[in-house]
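Heads up, the thing below is written out as structure tokens.
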Amino acid sequence: MKKHKIRLRIYILVALVLTLPILINVYSPILMVWGIRNGIITASFLIFAAWFMLSLFMGRSVSCAYTCPYGALQEILGIHVSKKKPKSEKANKIRYFISVIFLLLVSFLIFNLGVAKNIDLFASNDDLQLIILITISIITISLLSILFGSRAFCRYLCPQGVFLTIGSKIGRKIKIPSLQLKSTPNNCSNCKLCDKSCPMGLDVNQMVTNSTLNDLNCILCGECIEKCPKDAINYSFTAKD
Ligand code: SF4
Ligand code: SF4
């Protein structure tokens, strides 16, 4: 796939952050769980379901890199904070643990209350408790990014990121052509501009050198592609893993 110019992405992120006061009524994981608990299908549930389907062939690009307002907020707030790189194993263990809790909670609610029957896309409008909870969660993820660097919540805690990673793994397992990164290690000059640009704090230079670009935490944002002066990283759309 031809190298993309993705400067547009930063404008999309800014737009997502500026419209966050509206978007919290449309998309929030808290809203999704609240809807399941009350037998209501919310816009959040439908958006997450669409993200999961898209993850089969677009990985986490459509969701995490381009449309999640909470990811956008974290990236913008943490853009100048030096990213404290997580030991990938440790970060993954924490995220998987939280995801299991999240899944158990949702399963428990569905098991006890049955499948949601009503659709109410903007269910949070008149629920003050819910708005307070969402506001606290936004403040918390903002502080995490300011303290630990861009997308700290995505890197350590986001359960949805895990489900979207699972979606992208399923897509690759059943050999659906999907968006991936490919490297040309011979082009690499080890300048490490890709490391500095990665909003997920990944060691992209090493990934390029080892030809292991399919990291679980990569959101396929394309920042490393944009920054690489040697054309050592590109997108590809392939069924190969
Ligand atoms: S490795 Fe590249 S595409 Fe993946 S998250 Fe980092 S900058 Fe984005
Ligand atoms: S930006 Fe490109 S040339 Fe520089 S280290 Fe990364 S892959 Fe290599």
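The values are calculated or read from the model by the stated rules, or taken from the named source; none is laboratory data. Nothing here was measured: the structure is a model prediction, and the numbers come from that model. Glycine also receives a Cβ, built like all others from the backbone with ideal geometry; neighbour counts cover every protein chain displayed. Accessible surface areas use protein heavy atoms only, side chains included; no ligands, DNA or RNA. Shrake-Rupley method; radii C 1.70, N 1.55, O 1.52, S 1.80 Å.
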Ignoring ligands, DNA and RNA, what percent of the accessible area of the chain is carbon or sulfur (1.4 Å)? 70
Run the quick spin-label model on Ala15 and Thr212: label points 7 Å from Cα toward the beta carbon, then report their separation in nm to one decimal. 3.8
Here the membrane-span-like helices of the chain, with no claim about any membrane, defined by DSSP H, Cα axial extent at least 24 Å and mean Kyte-Doolittle at least 1.0, are 88-113, 128-148
How much length is gained if the chain between Asn118 and Ser236 is pulled fully straight, taking 0.36 nm per residue apart and subtracting their Cα-Cα distance, in nm to one decimal? 38.4 nm
Scaled to the compact-protein estimate 2.2 N^0.38 Å, what is the alpha-carbon radius of gyration of the chain, rounded to two decimal places? 1.03
Virtual spin-label span in nm between Ser137 and Met53, 7 Å along Cα→Cβ: 2.3
May I have the pair-distance distribution P(r) for region 175-238, computed from all Cα-Cα distances with 5 Å bins from 0 and rounded to whole percent? 4, 21, 34, 26, 11, 4, 1
Over the chain, what is the relative contact order in whole percent, taking alpha-carbon pairs under 8 Å and six or more residues apart? 29
Would you mind getting the accessible area per residue of region 175-238, heavy atoms of the protein chains only, 1.4 Å probe, in Å²? 43
Could you give the nm distance between label points at Tyr96 and Ser189, where each point is 7 Å from its Cα heading toward the beta carbon? 3.9
